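Below you'll find the structure, written out as C-alpha cells, and then a few comments.
The values are calculated or read from the model by the stated rules, or taken from the named source; none is laboratory data. What you see is a predicted model; the values in this text were computed from it and never measured. Cβ placement follows ideal geometry from the backbone for every residue including glycine, while neighbour counts extend to all protein chains displayed. Heavy atoms of the whole protein, side chains included, go into the accessibility calculation; ligands, DNA and RNA do not. Shrake-Rupley method; radii C 1.70, N 1.55, O 1.52, S 1.80 Å.
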Amino acid sequence: MKEEKKENDSFWYKVASFIVNKRKAILILFIFAVIYCVLCFNRVKVNQDITKYLPKTSETRIGLDTMNNEFVTYGSAKVMVTSVTYDQAKELADSFLKVKNVKSVTFDNDTDHYKGTYALIDVTVDGEAEDKASIKAIDDIKELLSNHDYYIETTIGEEERNSESLNNDIRIILILSVIIIVLVLLISTHAFAQIPVLLLTFGMAAILNKGTNYWMGTISSVTDSIAVVLQLALAIDYAIILCDRYMEEHEKMPAVEACKVALSKAIPEISSSCLTTVSGMLAMMFMQFKLGYDMGFVLVKAILFSLVAVFFFMPGILLIFSNLIDKTRHKCYVPKISFVGKFASLTKWIIPPIFAVVLVAGFIISNNCQYLYDTKSVESAKKSESRIATEKIEENFGSSNQLVVMVPVGDYESEAKYIRKLEKLPYVTSALGLANQKINDEYTLTEKITPRQFAELADLDVEVAEFLYAAYAYGQEQYGPVITGIDDYSVPILDMFVFLYDQYKQGYVKLSADLDKTLNELHEKLDDAQLQLKGENYSRIVLNLSLPVEGNEIYDAMKTIRETGEEYYGTGNIILVGGSTSCKDLKDSFATDNLVISILTFLFVLVILFFTFQSAGLPVLLVITIQGSIWINFSIPALEGQGVYFIAYLIISAIQMGATIDYAIVISSRYLVLKKEMSLKNAVTETINQAFPTIFTSGSILVSAGFLIGNISTDPTVAAIGIALGRGTIISIFLVLFVLPQILMLGDTLIEKTALAINLQRETKEASGKIAVAGHIKGFVNGVIDADVNGSVQGEMRVIVESLLPSRKGEINEQEDDEEDDTDGSLLELNLDKINKDNKGGKN
C-alpha cells in the first residue's frame, strides 16, 4: 500500500492522470490536427535535385546558380527507336519536326545516330525542362512512336515523373510494411486488439509528421520517400512499451487506473529510450551536405510526434479498445532462446577476441571501400523507366559525359584559342561555344571582319556597311576609326549582325524583301545562340567527354581543363559545372561530413549511455559493439567488389547507431539487474530470453522496412539507403545476441570498477534461521522479495540492502526464536558507509 501511494503521489502519475482524465478533449484536438495536416499534404513542396543541398560555396552550386541567372537551357531528349531501317527512322525524325514546340531535330546516317537497326534521334524543344509546353511536346512524340519499341532519355518532365514514381513506390512499401508489422505483432503481442491500437497510434504520428513538413517549405524527395517508413520502424517501439505496461498493470487494477499507472511509468522510460535514436538524427543535421539536415530534421520531428501520439493520443485509444483487448488475449508466441545464453557462457573467452579481430578488419575494409557519388553508378533492384532508357542508349551508342565551362564574356579571341586547345585534348569529343560556331565555310560567329567583308557576307552595299561600322564604333565610344578611316576597322560578326538588326528594326536601315527574310532568320538563330551561350557576365562552352562521370580520371581532366582556361582568363575565373563537378564537390564534403557524423554520433550516444548506466566502461562496450556492426555492414559491399553510395553511408551510420543501440541497452539493462540475483551464467540466459521479444519485434520491423525500400524503390538513392539499413540492422541484432553477452561477461570486472559510487552494487549478506530485518531488502527469501520489511523472516535469505529505516540504522540480525526455532545465530552489523567504502575498494 505504501508503494502504491508513493506511485500515486509522483509527478508523472499526476501528469498521466491529467492526460487520461482529459482523454476525450485530447482526442478532439487530435482530430482537428489530423484535418489540418491532411489538408497540408499537397502543399508540401518536394525537391528532386540533390545538388541544391550542396554547400553554397561549392563550385557546382555557384555554377548552377550562374547558369540559371545568365543562360537559357532548352529542354532536350535522346530518342532511341529499335528495329527500324534508316529510311523509317528518317521519316520519324521528320515527323518530330512537325510537333508543336519542337525546336530542332538532329539525325543522320553516321554511327552516332544510326547503328544496326537502332536509331538515335536528338530532339530540342522550345522551352525549358519543366515547362508544360515542353512536356506536351515529348508526350506528342511518344504518340508518334506508339507502334515502335523506343527508349527516351530526357530531363523534360523529370521531376513530375520521379515524384509520381516515388509516390507509387512508397504506397507499395507502406502497404507491405503494415502487413509485415501486423504479422510480427500477431506473434509478439498478448491480445489481438492491441494491433489496431498500435496502428492507429502510428498512423496519427505519421500524419502529423507528414503534414507539418509544410512548415519547412521544401523537403527533399529522398526524405519524403523514406521518412514515413523509417518513422514506423524507429518509433513503433514506444507504442509497444506503453501497451505492454498497460497489460501488466491491468492484471492488478481496472482499465482506467491501469492506464494512468502504465503511462506514468512509460513516459520516463520511453523518453530516455528515444534519446539515443534522436542523437543519431541530430548528428546528421551537422552535415555540410544539407540533405543530412533536411532528413535529420524531419526524422527528429517524426520521433517527437511519435512521442506526442503515444503519450497523449494512445491512452484514449487504449481505453476505447480495453474491453476488446480483454476478450482477445492470447499468449506471446515469441520463443525462448535459452541456447543463445548457453552459447554465450561457453564462448565468453572465445568470441570477444574473434570480434576484436573482425572489428579491426571491418574498420580497415570499410574505410577503404569505393564510395560512389553519381546515382547512375548505384545498382538498384528495381529501375525507373528513365534509368532503363539511359542504360539501353549507352549500351548501343556509348555514354557521354557533358561538362560546362563558363569563362568571362567578351574576349572572343581568347575563347576561340581556348576552344581550339580543348578540342585537341584526347578525351574531348566535341566542344560547343560561340567562338567555334561557323556561319559558313569561311567564317566563325565571333570572327572579326572589316566593312567590306561584312558587306559581302550580308549582301549589302559597301557604303551601307561602312556607315553601320561607323555608327557601331561611335556607339562603342571608339572614335579613332571614325576619324582616321573605317576601312580597316574590324568587328565580330555576331556583334555586327545584332547591331544591324537593331538599326533595321529602328528604321535606320532599309533592306530588300529577300534580305529582310534572311536577316530575320539569321537573327533568330543568333538570338538562340546568345541565349544559350552568352550571358551578361559569362560565356558558356559545352564539352562532351569520353570519360566516366566520377573517378580520378575525370577529376584530373577537369584540373587540366581549368588550368588551360586560366592561361587566358587568369586564376579563379573559370567555372566548371556538370555531373562530374557535382561528384567532386560531394566527394570533398563527404570527407568532412563522415568525420562529423562519426564523432558526434559516438559522443552523443556515449554521453547518454553514461548517464543512463552511471558507468564509464559499459557505454564504451556498447558503442564499440554497434560501431562494429556499422563497419561490418559497409565492409560487405567492399568485399563483393561493389561501391557504397556516399549518402547511404552517411545516413545509415547515424541511423544504425541511434536506432540499434537500443537493442544493446535492453540486453545490458536486464543483465545488470539479473546478475545481482543469480549467477552470471543464468543471468545471461534469462537476460536474452527476456530481451528477445523486444529485439525481435523492433528488429524485424526495421529489417523489413529497409529491405522493402531497397528492393521496391526505383530511386537509386532511396534504394541504397534501404538496403544498407536492412543489412545493418541484421548485423546489429546478430552482434547484440551472439557477441555482446560474451563481452558483458568478460568485461564484468571493468563494468563494476568503472561504475559510479551511486550506482554500485550494495553488499550482499547471507543468513539463515530466524532473522530480524529493518530496511528495504531485495533478493531471495525462499523466493524473491522486493519490499519494505520491518519484522522477522523464518528461513534462508540472500538479499541486497538498498535503503534502511532511520530508527534501526540498517540492522540485519540473525537470532534465536525461543518459541519456534533453536538455531543459534550471530549478530551481523550492517553499516552503509562501510559498504560504500568497501565497494570503492573493489569489494563486492
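Just a few scattered comments:
- Residue among I156, I121, I138 that alone is open to solvent by less than 70 Å² (accessible area, probe 1.4 Å), of a type in the set (V, I, T) and closer than 16 Å to F397 by Cα: I121
- Going through (1) under 30 Å from I665 (Cβ atoms); (2) surrounded by 14 or more Cβ atoms within 10 Å (Cβ to Cβ) one by one, I599 falls short only on (2).
- Considering region 187-198, the residues that are touching a residue at least 60 places away in the same chain (Cβ under 8 Å) and part of a helix (DSSP H, G or I) include one that is most open to solvent (accessible area, probe 1.4 Å), namely I187.
- Against the criterion of being modelled with pLDDT of 90 or more, within 41 Å of the chain's Cα centre (by Cα) and surrounded by fewer than 14 Cβ atoms within 10 Å (Cβ to Cβ), D149 qualifies.
- When region 251-264 is limited to residues that are buried (at least 21 other Cβ atoms within 10 Å of the Cβ) and not polar (S, T, N, Q), the one that is nearest to the chain's Cα centre (by Cα) turns out to be L263.
- Of all the listed residues (I236, I240, I270), the sole one being without any contact (Cβ under 8 Å) to a residue 60 or more places away in the chain and not basic (K, R) is I270.
- Scanning region 551-562 for residues that are touching a residue at least 40 places away in the same chain (Cβ under 8 Å) and either in contact with a strand residue (DSSP E or B) (Cβ under 7 Å, 6 or more places away or on another chain) or open to solvent by less than 20 Å² (accessible area, probe 1.4 Å) (or both) returns I554, A557, M558, I561.
- Residues of region 654-702 that turn out to be acidic (D, E), open to solvent by 40 Å² or more (accessible area, probe 1.4 Å) and part of a helix (DSSP H, G or I), as a count: 1
- So T73, is it of a type in the set (V, I, T), in contact with a helix residue (DSSP H, G or I) (Cβ under 9 Å, 6 or more places away or on another chain), in a loop (DSSP other than H, G, I, E, B) and closer than 30 Å to M287 by Cβ: yes
- Residue, nearest to E385 (Cα to Cα), within region 163-177, restricted to residues that are free of Cβ contacts under 8 Å to residues at least 24 places away in the same chain and not polar (S, T, N, Q): E164
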